[in-house]
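Okay, so here's the structure we're looking at.
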């Protein structure tokens, strides 16, 4: 995150939610914080933010959470990560692994296509 044009504050956690959606193939957990904070001018903002499981576990029993917000658009907030676990937690989720598998699958088939048929616009007549 670019450090310019942002302000760091402690936001008061008003509520937190943990939702679970069960489908035949997977279970998806969604973790949400509802918090409020004041900007430099004292104006109060209330925001709802989905967070990773690591961030939720770290702050669910806390009264405050450190956040950053854009000076020009105060509703655009970011949780100020303080641990490696918070940083890597969103990366190792089920959708991320599905996208990685699909990307590898596409790469594999394109590579196999080029081995068998060659690159279409570079093919020569024999």
Count - residues of the stretch 12-31 that are touching a residue at least 24 places away in the same chain (Cβ under 8 Å) and either part of a strand (DSSP E or B) or not assigned by TED's automatic domain parsing to the domain that holds residue 80 (or both): 8
Test: residue in the stretch 40-57 that is touching a strand residue (DSSP E or B) at 6+ places or on another chain (Cβ under 7 Å), assigned to a loop (DSSP other than H, G, I, E, B), modelled with pLDDT under 90 and surrounded by fewer than 12 Cβ atoms within 10 Å (Cβ to Cβ): yes
Answer residue from the stretch 71-98, given it is modelled with pLDDT of 80 or more and surrounded by 15 or more Cβ atoms within 10 Å (Cβ to Cβ) and is nearest to residue 19 (Cα to Cα) among those: 79
Single condition residue 25 does not satisfy, out of (1) more than 19 Å from the chain's Cα centre (by Cα); (2) exposed (fewer than 13 other Cβ atoms within 10 Å of the Cβ); (3) at pLDDT 85 or above: (3)
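The values are calculated or read from the model by the stated rules, or taken from the named source; none is laboratory data. In this text, all values refer to a predicted model and were calculated from it rather than measured experimentally. No Cβ is skipped: glycine too gets one built from the backbone with ideal geometry, and neighbour counts run over all protein chains shown.
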